[in-house]
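In what follows, a structure is listed as structure tokens, so that the remarks can point back to it.
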Amino acid sequence: MKKKLFIATFFIWIISNTYAQKIIQDTNEKWNYEIEKQHLLNREDSSTWDHSMLNEDIEWIEFGKETKPFRYGIFPVPKYDLLGEGTFRGMGFGMNYRVLDNNGKNLFYTFFYVQKNKLTEKYLPVDKSDEVFFTIIVLSDMVDTVDYSHARNQMMSRNNPDYIGQGLIKTKNDEINYMAFLTAMRDEYAIVNMRLFNLKNGRTILIAPQKDGSLRSMQLKREQILSTEDIEKYIDEILMRETVKKFFTNENNI
């Protein structure tokens with residue numbers, strides 16, 4: 001299967017060129033609590049809202065009822081430009097799989113990423129155009145080659161400059177639900193079937209469902225930030241590690 005890379009077009013709209021008073025006058029300024037406080041006030045101030053974007057979102061309200069594990073709620077949000085020009089440039093997700101063995105076992109993975117922008121560029125190497133902030137690899141014993149219902153993902157930018165994604169990967173008898181976020185303050189967490197992961201301890205989560213219905217997890221830390229251009233090579237590399245091989249081939253796994 002070819003790599004699938006999605007720019008989350010439903011949730012990412014082209015922002016207007018009309019500028020109101022900006023929260024960040026100098027886009028090189030580091031995000032801080034004072035800026036965040038003003039941003040939160042703008043969330044409740046209808047004069048700052050992007051009403052055009054709100055109306056477009058309302059048209060997709062039925063789609064939002066189908067998103068999992070969390071339903072997508074339609075909230076008004078401040079105009080992205082209020083944070084400064086170039087502080088939002090897009091986000092998205094990718095997904096793919098690797099065949100584990102000849103017995104119908106596969107390793108499905110999803111990654112969430114954010115395009116480099118004025119608020120994140122100070123944290124990224126010069127040669128990186130985006131930042132993968134979460135990767136999950138799940139052992140599964142099913143694959144739907146017709147409707148691809150074995151996996152589902154959504155990303156949304158409506159919390160800009162905080163970013164969040166969610167999704168699921170199914171097995172024959174269960175499903176793995178996950179959510180992950182990265183904030184402008186560089187807080188980053190993931191939840192996988194109610195297990196909380198601090199992504200500062202590693203942005204890659206491995207999940208192995210067990211025959212008894214329980215789950216096993218492994219968290220991998222990488223010092224350098226990954227980009228979408230790095231991800232396939234990175235997946236190949238970690239799947240060659242003996243500790244990872246043992247994790248996914250344990251006799252108690254599904």
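Rule-based calculations on the coordinates, nothing more; no lab input. As the structure is a computational prediction, the values presented were derived from the model and not from experiment. Cβ sites come from the backbone with ideal geometry, for glycine too, and all protein chains shown count toward neighbours.
Would you confirm whether any residue within segment 137-160 is in contact with a His (Cβ under 8 Å, 6 or more places away or on another chain) and of a type in the set (D, E, K, R)?
Our first condition is that a residue be in contact with a His (Cβ under 8 Å, 6 or more places away or on another chain); within segment 137-160, this holds for 140, 142-144.
Checking which are of a type in the set (D, E, K, R) leaves us with 144.
Yes, because at least one residue in segment 137-160 is in contact with a His (Cβ under 8 Å, 6 or more places away or on another chain) and of a type in the set (D, E, K, R).
Criterion first (more than 20 Å from the chain's Cα centre (by Cα), buried (at least 16 other Cβ atoms within 10 Å of the Cβ) and closer than 30 Å to K170 by Cα) does V143 satisfy it? Working first, answer last.
Values: more than 20 Å from the chain's Cα centre (by Cα): yes; buried (at least 16 other Cβ atoms within 10 Å of the Cβ): yes; closer than 30 Å to K170 by Cα: yes.
Here the answer is yes, as V143 does meet what is asked.
Any residue that is under 14 Å from the mean Cα position of the chain (by Cα) and surrounded by fewer than 20 Cβ atoms within 10 Å (Cβ to Cβ) - is there at least one of those in segment 214-229?
Looking for residues that are under 14 Å from the mean Cα position of the chain (by Cα) and surrounded by fewer than 20 Cβ atoms within 10 Å (Cβ to Cβ), one finds at least one in segment 214-229, hence yes.
Tell me, yes or no, whether segment 104-112 has at least one residue that is farther than 22 Å from R186 by Cβ, without any contact (Cβ under 8 Å) to a residue 24 or more places away in the chain and aromatic (F, W, Y).
No, segment 104-112 has no match at all.
Condition test on E229, is it in a loop (DSSP other than H, G, I, E, B) and acidic (D, E)?
When the stated conditions are applied, E229 passes them.
Is there any pair with a first residue in segment 235-247 that is in a helix (DSSP H, G or I) and a second that is aromatic (F, W, Y) whose Cβ atoms are under 9 Å apart and which are 6 or more apart or on different chains, and what are they?
Here the result reads I235/Y109; I235/F111; L239/F248, each pair linking segment 235-247 to a residue that is aromatic (F, W, Y).
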